[in-house]
Each structure stands twice: as C-alpha cells, then as structure tokens.
1. Taking the conditions exactly as written (surrounded by 18 or more Cβ atoms within 10 Å (Cβ to Cβ), without any contact (Cβ under 8 Å) to a residue 60 or more places away in the chain and within 9 Å of the chain's Cα centre (by Cα)), does Ala84 satisfy them or not?
2. Which residues, taken from region 34-56, are farther than 18 Å from Ala68 by Cβ and open to solvent by less than 30 Å² (accessible area, probe 1.4 Å)?
3. Consider Lys92 carefully, then state whether it is among the charged types (D, E, K, R) and surrounded by fewer than 16 Cβ atoms within 10 Å (Cβ to Cβ).
4. What are the residues in region 7-33 that are open to solvent by 50 Å² or more (accessible area, probe 1.4 Å) and either touching a residue at least 12 places away in the same chain (Cβ under 8 Å) or of a type in the set (Lys, Arg) (or both), if any?
5. Can you tell me which condition Tyr39 does not meet? The list is (1) closer than 18 Å to Ser3 by Cβ; (2) modelled with pLDDT under 95, and all the others hold.
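The values are calculated or read from the model by the stated rules, or taken from the named source; none is laboratory data. Keep in mind that what you see is a predicted model, and the values were worked out from it rather than measured. A quick note on method: Cβ atoms are made from the backbone with ideal geometry, for glycine too, and the neighbour counts reach across all protein chains shown. In case anyone asks, the SASA skips ligands and DNA or RNA and just uses the protein heavy atoms, side chains included. Shrake-Rupley method; radii C 1.70, N 1.55, O 1.52, S 1.80 Å.
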Amino acid sequence: ALSLIERDEESLRGRALQIAEVNARNHPNQVDAWATLGYIQFRLGDLRSAEESFSVALKSGSLSRDAAFMFAAFKKKTGDEATAKKLLQEAKRLPGPDFFAEP
C-alpha cells in the first residue's frame, strides 16, 4: 500500500487505500495498520479521515518508527510544526530502519 500511494496512476493510489482499509479492519489493534491507513488518507487529501486513523493508531499502543514518521509528515502538512518536531525526535530514538526519514 505504501509503495502504491507514491505512484501517479489513480487506480493504483485507489488500490493502496483499499489495501490499507482491509489491513486496518483485519488487524484493529496494530499501530502500523492504522498509521499506514492514516498516511494513505493523508496522501490522498482526506485529512479528516487521516486524523481519525492516526488517533486510532495512538490508542492502539506506542508508535513504531515508521508510524511516527508518517504521523509527523501529517502534522507538518497540517501546520502543527511543534508536534511534528516531537514525533521526528521520538522516531529517531526508536529502533529500526529509517524508511521515512528525510535526508
């Protein structure tokens, strides 16, 4: 889903949303499933739904590194620079590769 959302073809971007929705529905307690859905909704311009999905992710447990980066991108785009900065700092402390880190 995350690779499809970066494509230009609308059909592939729509498929990314379908995959993320099914994944969140099938794994309701998985932080990354909800964060991925939120990120895809954000990339599609549905900020209200993205906010809701990120909220579910936060309630599901502590954020993973990827989820923190995705949520930070959302917060930055919506003008909440302070929260975005905190999320990026937290992401850098979490274990794992930096797939979403800005160069």
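1. Criteria not met by Ala84.
2. Residue satisfying the conditions is Ser49 alone.
3. Here the answer is yes, as Lys92 does meet what is asked.
4. Arg7, Arg15, Ile19, Glu21, Asn23, Arg25, Pro28, Asn29, Gln30, Asp32
5. The single condition Tyr39 does not satisfy is (2).
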